[in-house]
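Read through the structure below, which is laid out as structure tokens, and then see the notes.
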Amino acid sequence: MTHTSGALGLIIQITGVSNVVELEQKAHEFSRGEISETYGLTVDNRRRWTTADSVALRCSSYFEVNLIDQCRGTGMKVGAHQSIAGGVANAVDRQIDDGGNCGQIFTHSPQVWQNPSIDDDDAGAFISTSADHGISPWVIHSSYLVNLCTPKDGLRQKSINSMQQEVKAADRLNIPYVNVHLGAHTGVGEEQGLINAVSALEEIDIPEGVTVLIESDAGSGTKMGDDFEHLRFVLEECGHQLGVCLDTAHMFAAGYDLSTPAAVDETLDMFASTIGFDSLACVHLNDSKHACGTNKDEHAHIGEGHIGKAGMKAFINHTNLDSVPFVLETPSEDGRGFAWNIDRVKQLAEN
Ligand SMILES: [Zn+2]
Ligand SMILES: [Zn+2]
């Protein structure tokens, strides 16, 4: 058996099977590590899988199957926030080029109030290309202008309307998650801000199959969501079943240390006791240009910021995060883009 990385990620060549049932059986055993020794692959190698949702397996008769379900959850999910310039389906191509197998998009410029405009062909191409290449899940990141905590009626209504458009787009694109920051209470107080966020979220009509994720924030100014307790409050009080997206750069800026293996354990233990990993649907994996507790939100290349390699490595390999997608929002600078950062994550997962 040989394995190589290609457009589809890991391709395993298995010989000595003559039908699909046998092939699937072998693939299943392989995914559980039961036949890894026979084929000279170690348990660590399995951790390296980048397309576990869509491992293309090829038997001696070149019979190809797509084992999306059988292999789900056995490998790391890592991808990046991709631009939809030229059409939403282009984000999938960009993800493939960068070596990612999950990802995030804005449905429109996040700096302005605007409705997503996606035509049917584009939506169809996004769905089919993602499926063909095993790229899932995708997340829609809502507009930066959305403020669920706001006491101002106009802004609140615009925020609700914008979120309504995002969940509709998610439904259309088969995207399971819409990510949102709680926003800022702008003087009305933390408690009232959170109450506002809960009621605003409850006004959104969320289609079946779509979950709104509330994201951890760096906590500058009066922004909420920098404390796990804020996220817990909204999760518990909201009538919708919500999920959580943790951003490593934001958590770190908010004062949750992630720069050493011990700090990662301590922070994730706190998360487990406050919120619990069952609610964690996505991680924004970013290093931080600023020190822990500074409340400054500026992302750095993985391992090159204040979280650093040791902290990132401990986080990436944390057992409770095995099946959680890592979505990168790292900068494009110093000649390094998403491909470099995704590769860095894979390296840290291996070694
Ligand atoms: Zn965000
Ligand atoms: Zn950020």
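Yes/no matrix, rows are residues, columns are (1) touching a residue at least 24 places away in the same chain (Cβ under 8 Å); (2) more than 16 Å from the chain's Cα centre (by Cα); (3) farther than 14 Å from LEU285 by Cα:
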| position | (1), (2), (3) |
| --- | --- |
| ALA314 | yes, yes, no |
| HIS318 | yes, no, no |
| PHE326 | yes, no, no |
| THR330 | yes, no, no |
| ARG336 | yes, yes, yes |
| ILE342 | yes, no, no |
| VAL345 | yes, no, no |
| LEU348 | yes, yes, no |
Would region 137-153 turn up any residue that is more than 16 Å from ligand 2 (Cβ to nearest atom), surrounded by 17 or more Cβ atoms within 10 Å (Cβ to Cβ) and in a helix (DSSP H, G or I)? no
Going through (1) within 15 Å of ligand 2 (Cβ to nearest atom); (2) in contact (Cβ under 8 Å) with a residue 40 or more places away in the chain one by one, GLY221 fails only at (2)
Say whether the condition of being within 16 Å of ligand 1 (Cβ to nearest atom), buried (at least 21 other Cβ atoms within 10 Å of the Cβ) and among the small types (Gly, Ala, Ser) is met by at least one residue in region 198-205. no
Among (1) farther than 21 Å from GLY243 by Cβ; (2) buried (at least 24 other Cβ atoms within 10 Å of the Cβ), where does GLN111 come up short? (2)
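Computed from the coordinates by the stated procedures, all read-outs in this text should not be read as laboratory data. Just so it is clear, the model here is predicted, and its values are computed rather than measured. We place every Cβ from the backbone using ideal geometry, glycine too, and count neighbours over all the protein chains shown.
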